[in-house]
Number of protein chains: 2
Amino acid sequence: MDVKLINPFLAAAMHVLKTMAGVEVSPGKPFLKKDSQATGDVSAIIGITGVASGSMALVFTESCILYIVSKLLGEAFTEVNDEVNDAVGELTNMICGDGRRRLAEEGLVLQAGIPTIVSGKNHHITHIAKGPRLAIPFQTEQGEFMVEVAFANA
Amino acid sequence: MDVKLINPFLAAAMHVLKTMAGVEVSPGKPFLKKDSQATGDVSAIIGITGVASGSMALVFTESCILYIVSKLLGEAFTEVNDEVNDAVGELTNMICGDGRRRLAEEGLVLQAGIPTIVSGKNHHITHIAKGPRLAIPFQTEQGEFMVEVAFANA
């Protein structure tokens, strides 16, 4: 997979979480996914079309997303409710939009659908992409999340 | 929401399941979703861009998807495994592709991302769309599934 398509989304995740929620995140080592599944408690999925067709998923542990949304909204959330889901959707729109803006500066134009949020303890995410799937773990003060990007034709 | 954007996906779901898997499905009454969540055991999510930006989700109970995939592949599946997830992805691509083909005949051109499959008992799906979300329940011999379509600007 062309790393040019991935790095802007990673930079966007770090930038948006820092500027919008005041959350510092440390990226781990990206890895090509051998198995197809990520496991999380809250995930955001957004479809991508344009010069490449694919999907991006943000896969959070519950502790991690409650921490991020509490910081984002300035209010302590202790369970995943509609307000948390909506906030995850907004964050996803911002991260995807920022990543696409960075790519557009390189002349690569992508369109994005609207985010879909999945909540449920220990659900699995499988990308049906012909190409490789790249996953990048991020660490926060309160647990980790994963950014996964999969393209069919990159 | 413009019903012109929805009906082709419903026709596509019925057509693909009948011709590919030999599964007859009966559509129930479509309804505008008041709450944002659907609950299922296996879901397929695909992002849509073009004349409208949105997402389509197919939300299955476990018994329903095991029945459909067993019929599709001619082999009895008793648990949701990688093969079932892949088959759901292929079905989703076919349904989305068939729906888009029908829409293109009306002059409405949509692009689709690649499907993402979610598995996990009783997970919830939330569409982050500004516009209304339409849900259509379908009944099969072995339980029901839901087709949900949400557009941001339809």
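What the table shows:
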| item | result |
| --- | --- |
| Selection within segment B:131-145 - under 13 Å from B:P30 (Cα atoms) and touching a Phe, Trp or Tyr at 6+ places or on another chain (Cβ under 7 Å) | B:A135, B:F138, B:F145 |
| Filter pass, A:E62 being without any contact (Cβ under 8 Å) to a residue 12 or more places away in the chain, more than 7 Å from chain B (Cβ to nearest Cβ) and not small (G, A, S) | no |
| Residue in segment A:22-32 that is open to solvent by less than 20 Å² (accessible area, probe 1.4 Å), within 14 Å of another protein chain (Cβ to nearest Cβ) and modelled with pLDDT of 90 or more present | no |
| Sole exception among (1) open to solvent by 60 Å² or more (accessible area, probe 1.4 Å); (2) in contact with a strand residue (DSSP E or B) (Cβ under 8 Å, 6 or more places away or on another chain) for B:G40, by number | (1) |
| Count of segment A:93-109 residues which are aliphatic (A, V, I, L, M) and either within 28 Å of A:Q142 (Cα to Cα) or outside any helix (DSSP H, G or I) (or both) | 4 |
| Lone unmet requirement of (1) surrounded by fewer than 18 Cβ atoms within 10 Å (Cβ to Cβ); (2) touching a residue at least 12 places away in the same chain (Cβ under 8 Å) for B:R100 | (1) |
| Verdict on A:E79 being within 14 Å of another protein chain (Cβ to nearest Cβ), more than 17 Å from A:P8 (Cβ to Cβ), free of Cβ contacts under 8 Å to residues at least 40 places away in the same chain and over 17 Å from the mean Cα position of the chain (by Cα) | yes |
| Enumeration of residues in segment A:86-141 that are touching a helix residue (DSSP H, G or I) at 6+ places or on another chain (Cβ under 7 Å), farther than 23 Å from B:V51 by Cβ and of a type in the set (A, V, I, L, M) | A:A87, A:V88, A:L91, A:M94, A:I95, A:I117, A:I128, A:I136 |
| Sole residue being at the interface with another protein chain (Cβ under 7 Å from one of its Cβ atoms), touching a residue at least 40 places away in the same chain (Cβ under 8 Å), closer than 25 Å to B:A129 by Cβ and in a loop (DSSP other than H, G, I, E, B), chosen from A:I46, A:I114 | A:I114 |
| Hits in segment B:50-92 (condition: touching a strand residue (DSSP E or B) at 6+ places or on another chain (Cβ under 6 Å) and not in a helix (DSSP H, G or I)) | B:G50, B:A52, B:G54, B:S55, B:M56, B:A57, B:L58, B:V59, B:F60, B:T61, B:V80 |
| Failed condition for B:E90, given (1) charged (D, E, K, R); (2) within 10 Å of chain A (Cβ to nearest Cβ); (3) more than 14 Å from the chain's Cα centre (by Cα) | (3) |
| Where B:L110 falls short, out of the listed (1) over 29 Å from A:D41 (Cα atoms); (2) out of contact with any Ser or Thr (no Cβ under 8 Å at 6 or more places or on another chain) | (2) |
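The values are calculated or read from the model by the stated rules, or taken from the named source; none is laboratory data. Since we're looking at a predicted model, the values are computed, not measured. For neighbour counting, all protein chains shown are included, and Cβ atoms are generated from backbone atoms with ideal geometry for every residue, glycine included. Protein only, heavy atoms only, side chains kept; ligands, DNA and RNA dropped before computing areas. Shrake-Rupley method; radii C 1.70, N 1.55, O 1.52, S 1.80 Å.
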